[in-house]
1. Hey, which aspartates and glutamates would be in cross-link range of Lys282, C-alpha to C-alpha under 14 Å, not counting anything within fewer than 8 residues on its own chain?
2. Tell me the mean residue ellipticity at 222 nm calculated for the chain from its helices only (DSSP H runs of n ≥ 4, each -39500 (n - 2.57), averaged over every residue, nearest 500).
3. Expressed as a whole number of Å, what is the distance separating the alpha-carbon centroids of the range 72-99 and the range 344-385?
4. HN-Hα J couplings of the range 69-83 from phi, Karplus 6.51/-1.76/1.60, θ = phi - 60°, integer Hz, Gly and Pro as x?
5. What is the range 182-233 by shape, rounded, prolate or oblate, if you read a ≥ b ≥ c off the alpha carbon gyration tensor as root eigenvalues and call it rounded for a/c under 1.5, prolate for a/b larger than b/c, and oblate otherwise?
6. Take the solvent-accessible surface of the protein heavy atoms, probe 1.4 Å, and return the percent of it on the range 8-72 that carbon and sulfur atoms account for.
7. Just order 400-409, 155-164 by mean Cβ neighbour count inside 10 Å, highest at the front, would you?
8. If you take every DSSP beta bridge whose two residues both sit in the chain, what share of them, in percent to the nearest 5, is antiparallel?
Amino acid sequence: MHDQLAALYPSHLATLRERADHALALGGFDHLLIAAGTPLRKFLDDQDYPFVANPHFRHWLPLTDAPGSWIVHTPGVKPKLVFVQPRDYWHVVPAAPHGYWVEHFDITIVRSAAEAIAQLPGGRQAVIAPACPGIDGLEINNPQPVLDCLHWHRSYKTPYELALMREASRIGARAHRAAEAAFRAGRSEFGIHLTYLAAARQTDAELPYSSIVGLNEHGAVLHYTNFDRVPPVHSRSFLIDAGASAAGYASDITRTYASPQAQEFQALIDSVDAAQQGFVAKVRAGQSYPELHIHAHHVLAGVLREHGFIRMSAESAVESGVSSAFFPHGLGHPIGLQVHDVAGFQQDEHGGSIPRPPGHPYLRMTRVLEPGMVVTIEPGLYFIDMLLAELRDQPVSTDIDWTKVDAFRQYGGIRIEDDVVCTDGVPENLTRDAFARHA
């Protein structure tokens, strides 16, 4: 892996420098200054929240734990890293920069965040940094024309980035296999979560997002993160939405499992899985993502009809909003340095926003797919009490088999999610490829 990254990194960096030159020209700036950031302090406390580096910083370097450090890009000049290595015996001091990327930077090591600021150039600066906490001696401007340009082009992953995303998928798939085994062994949600962490060899803070580990009815809570400590008497179903990180890049994977006794639920999982793979196959250049989302609603409405939950046509189920009661979120989102990556709605490199289709407020991407984009494809079917109660009051409720629906509440719901690369041809399914390696 190291040799592959070393071979791919120079081209990646050259691409970023070209994009940065273009963004600076659009914004009228001389220098691009990118802060790693510093940890946020807990309110009325002397401890910090776990540190998460600025994604723009991680875009240039595989450094995820360099608080106070800066990248300086000036067109025509070798990039500079101002690296903070504090004098500190309370915490682990970051090791001096090393690895395949260091030769491509002029590196200055300083002892404090204040010393780092003193190393930054003057003039017209585009400063990309979190506004909180503030930085003494520097105006944080996050200029919109620069951000819009950088975000737009970040949608197109370099071969170096795709290599890291494959690694994040491999780690995630390995941990998912372990989590499934823990479910089969009857462990609690908390026990499954600990198994996942151990298999991923990552801490909670290192994962790209808080894991969702839901048994039985908890699968109906879209962002369930409670972790019951005691296993249920009967573990009928299991939904896990959990990812992993590789040098700051994320994987985002969801799987749903049924116990051997829950054959009717397993049959529904199989139908959703088949539908999901059909959607993945449509991750092609020129495909409108909102249109793919609407297509998914029609296919999933067909699944509901096939399994006897509804008696109406798929078209009627979508038009009347019935499909949205069972599938209330978006089909997916861009993914990369952030789980919900930037520019999902952006019109072009100058900004702008492409609206969501009416009636679909939670869709996280409205762009047309192009080669180099990576998106998640995560359809679901759920039995959510609140949404089903609202549906019961609608005239269309007479076309729903409520006895069948009520029987499935005990399983919570189904979501199946893969990370998929749009290419010039057949899509690359990072997730399924990773699972195949850990079969």
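1. Within the straight-line limit of under 14 Å, Lys282 reaches these aspartates and glutamates: Glu291, Glu370, Glu378, Asp418, Asp419, Asp424, Glu428.
2. Values: 13 runs with 157 residues, N = 439.
That comes out to -11000 deg cm²/dmol.
3. 36
4. 7, 9, 10, 10, 10, 10, x, x, 10, 4, x, 10, 10, 9, 9
5. Values: a/c = 2.43, a/b = 1.30, b/c = 1.87.
The shape class here is oblate.
6. Details: 1530 of 2850 Å².
Heavy-atom surface of the range 8-72 belonging to carbon and sulfur, 1.4 Å probe: 54 percent.
7. Numbers: 400-409: 15.1, 155-164: 20.9.
Listed from highest to lowest mean packing, they are 155-164, 400-409.
8. Working: 35 of 44 bridges.
Once the DSSP bridges in the chain are tallied, antiparallel ones form about 80 percent.
The values are calculated or read from the model by the stated rules, or taken from the named source; none is laboratory data. As the structure is a prediction and not an experimental result, all values here were calculated from the model. Cβ coordinates were reconstructed from backbone atoms using ideal geometry, including for glycine residues, and neighbour counts include every protein chain displayed. The accessibility values were calculated without ligands, DNA or RNA, using every heavy atom of the protein model including side chains. Shrake-Rupley method; radii C 1.70, N 1.55, O 1.52, S 1.80 Å.
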